[in-house]
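Colleague: Got a structure for you, questions after.
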Amino acid sequence: MSVNVTRLGNGLTVVSDHMPHLETTSVGVWVNTGARNESARQHGVSHLLEHMAFKGTERRSARAIAEEIESAGGHLNAHTTHEATAYYARVLKNDLPLAVDLLADILQNSVFEPSELERERGVVIQEIGQSLDTPDDLVFDHLLEAAYVDQPLGRSILGTVDTVRAFGREALRGYMEERYHAPSMVLAAAGAVDHERLVGLAEESFGELPRRLNNGAEPANFSGGEKRETRDLEQAHVALAFEGPAYGDPDYYTAQIYSSMLGGGMSSRLFQEVREKRGLCYSVFSYAWSFVDTGLLGVYAGTSPDDLAELMPVIAGEIGRMAEDASEEETARARAQMKAGLMMNLESSSSRAEQIARQYSVHGRILPIDEIIAKVDEVDAAAVRRFAGRILSKPRPAVAAVGPLDGAGGGLESYDRLAARFV
């Protein structure tokens, strides 16, 4: 694969990865702004803005946008994270100019027509309601809130009903003018793409974007603590996390290997001990999330309230044992899983476009796959044990729980008692 990078005069970065034998192209714009860049008053505006992207421009109605892309057999979509907002398309290779033109149009000429805004505001409020009715999603919003108390990173991406209802078209326009600048955007494409052609299309369609630098996000400070919400559900949903590495941390790849060994598959410690051996839950897994300046390393489990009292000590015990007896055999297995996942993602043009856009946004360069594989191969059992000790060196995990939290045997123990298991 051949990755090319060009920076336009206004600061927009154009990256592409030509993938031989493909007849389609995935292309998108990744904006370095998301939920953690919002003020309290702006909470949820990034996500609402993403929803409004396809609702009409000065040149096209919402219906015209849909008809143009679908008449070419392609599709448009978008998503919002805490640190980025992405707008992307997948089309046949000859329709790349159409895709770039549509993306440029919605990012520079959206009108936010009041009736469309009112309808889409209602859709987002319904989405907020749906998230509140989905406890295995909601518990992770609570976890971030417990981990980053009173900080933008601790707020949900969706916003609240009150903040979303308050947004008018001027709030959306103002946020775009504040955050959507050329130096904070990456136009990325992968698949059947010629880089020079893509650069020409970018200069033609995005050349008028303002060359201004955005203010960075408020630095995150992992505080730890808990948030519990008692509900009348069939299952209790529990998530806990320790502070993990940021993207650029030397332990980034070690954290991924650690998470895979702890709870990343059917051979992992948590799956074998918690589900297969003890039958304490149906779903249990670990996760390693990274942001530009912090990260989370933790575990999720959904279980019967009667099994909570037994479950949490078992999970704590497995986390503690990782620092003592992580073996070379399971480390090698986790390395193989990670490398296979990396290589499989390279076969998807949409995954590859997102990967190179995010890598450039975070690292200022595209990481060669050979470099990534080499770093994964450097992680041995000793590195995992050392990293496990690093995780346990922080005395206050973040804990979140949703559901019936009292049960036979005492239910979910107090925060102080649970935290003491990791000392």
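The values are calculated or read from the model by the stated rules, or taken from the named source; none is laboratory data. In this text the structure is predicted, and so the values were computed from the model without any measurement. All Cβ positions, glycine included, derive from the backbone under ideal geometry; neighbour counts span all protein chains shown. Accessible surface is based on the protein model in full, side chains and every heavy atom, while ligands, DNA and RNA are left aside. Shrake-Rupley method; radii C 1.70, N 1.55, O 1.52, S 1.80 Å.
Colleague: Net charge around H75, counting only other residues with Cβ within less than 14 Å of its Cβ (Lys, Arg = +1; Asp, Glu = -1)?
Modeller: Values: positive: R90; negative: E67, E68, E70, D95.
Once all neighbours under 14 Å are counted, the net charge is -3.
Colleague: Among 236-242, 409-415, 302-308, what's the highest-first ranking by average C-beta atoms within 10 angstrom per residue? Don't jump to the answer; show the numbers that get you there.
Modeller: On the way: 236-242: 26.1, 409-415: 16.3, 302-308: 20.9.
Ranked by mean Cβ neighbours within 10 Å, highest first: 236-242, 302-308, 409-415.
Colleague: In addition: For region 279-381, rounded, prolate or oblate, judged on the Cα gyration tensor with a ≥ b ≥ c (square roots of eigenvalues), a/c < 1.5 rounded, else prolate if a/b > b/c?
Modeller: Values: a/c = 2.28, a/b = 1.78, b/c = 1.28.
Cα axes put region 279-381 in the prolate bin.
Colleague: Next up: If you take the charge dipole of the chain about its Cα centre, with +1 on Lys and Arg Cβ and -1 on Asp and Glu Cβ, which of L311, S2, T134 is farthest toward its positive end?
Modeller: The residue sitting farthest along the positive end of the dipole is S2.
Colleague: Moving on to the next point. Where only protein heavy atoms count, and the probe is 1.4 Å, what is the accessible area per residue for the chain in Å²? Intermediate values should be presented prior to the final figure.
Modeller: Working: 18050 Å² over 423 residues.
For the chain, the per-residue accessible area is 43 Å².
Colleague: In degrees between 0 and 90, to the nearest 10, how far off the longest principal axis of the chain does helix 114-132 point, with axes built from Cα atoms?
Modeller: 10 degrees
Colleague: Which peptide among 18-31, 253-266 comes first, and what is the full order, when sorted by highest mean count of other Cβ atoms within 10 Å? Provide the component values of the computation, followed by the final result.
Modeller: Numbers: 18-31: 19.9, 253-266: 23.3.
Put in order of decreasing packing, that is 253-266, 18-31.
Colleague: What whole-number distance in Å separates the alpha-carbon centres of region 364-423 and region 140-193?
Modeller: 27 Å
Colleague: Using the crude model of +1 on Lys and Arg Cβ and -1 on Asp and Glu Cβ, and no other charge, please compute the dipole size for region 269-395 relative to its Cα centre, in debye to 20.
Modeller: Working: 16 positive and 19 negative charges, 60 e Å.
About 280 debye.
Colleague: Give me the one-decimal nm value for the distance between modelled label points at A336 and L367, 7 Å along each residue's Cα-to-Cβ direction.
Modeller: If labels sit at A336 and L367, their model points lie 2.3 nm apart.
Colleague: Counting only helical runs of four or more DSSP H residues, what would the 222 nm mean residue ellipticity of the chain come to if each run contributes -39,500 (n - 2.57) and the total is spread over all its residues?
Modeller: Calculated mean residue ellipticity at 222 nm is -13500 deg cm²/dmol.
Colleague: Follow-up. How much of the accessible area of the chain, probe 1.4 Å, is carbon plus sulfur, in whole percent? Can you show the working numbers first?
Modeller: On the way: 8660 of 18050 Å².
Reported share for carbon and sulfur atoms: 48 percent.
Colleague: Let me ask another. Assigning unit charges at the beta carbon (Lys, Arg +1; Asp, Glu -1) and nothing else, what dipole magnitude in debye, to the nearest 20, does the chain show about its Cα centre? Could you put the intermediate results ahead of the total?
Modeller: Numbers: 41 positive and 62 negative charges, 116 e Å.
In debye, rounded to 20, the chain gives about 560.
Colleague: Follow-up question, since we're still on this one. Expressed as an acute angle from 0 to 90° and rounded to the nearest 10, what is the orientation of the C-alpha long axis of helix 308-325 relative to the principal long axis of the chain?
Modeller: Helix 308-325 and the main axis of the chain meet at about 80 degrees.
Colleague: Just grab the label-to-label distance for V123 and S414, each label 7 Å out from Cα along the Cβ direction, in nm (one decimal).
Modeller: According to this spin-label approximation, the distance is 4.8 nm.
Colleague: Between N109 and L213, what length comes free when the chain is fully extended (0.36 nm per residue of separation minus the Cα-Cα distance, one decimal in nm)? It would help to have the intermediate numbers written out before the result.
Modeller: Values: separation 104, 0.36 × 104 = 37.44 nm, distance 2.04 nm.
Stretched fully, the N109-L213 segment lengthens by 35.4 nm.
Colleague: In degrees between 0 and 90, to the nearest 10, how far off the longest principal axis of the chain does helix 62-71 point, with axes built from Cα atoms?
Modeller: Its long axis makes an angle of about 90 degrees.
Colleague: Excluding G279 itself, calculate the net charge of residues whose Cβ lies under 13 Å from the Cβ of G279, where each Lys or Arg counts +1 and each Asp or Glu counts -1. Write down the numbers at each step before the final one.
Modeller: Details: positive: R275, K277, R278; negative: E273, E276, D306, D307, E310.
Taking every other residue near G279 into account, the sum is -2.
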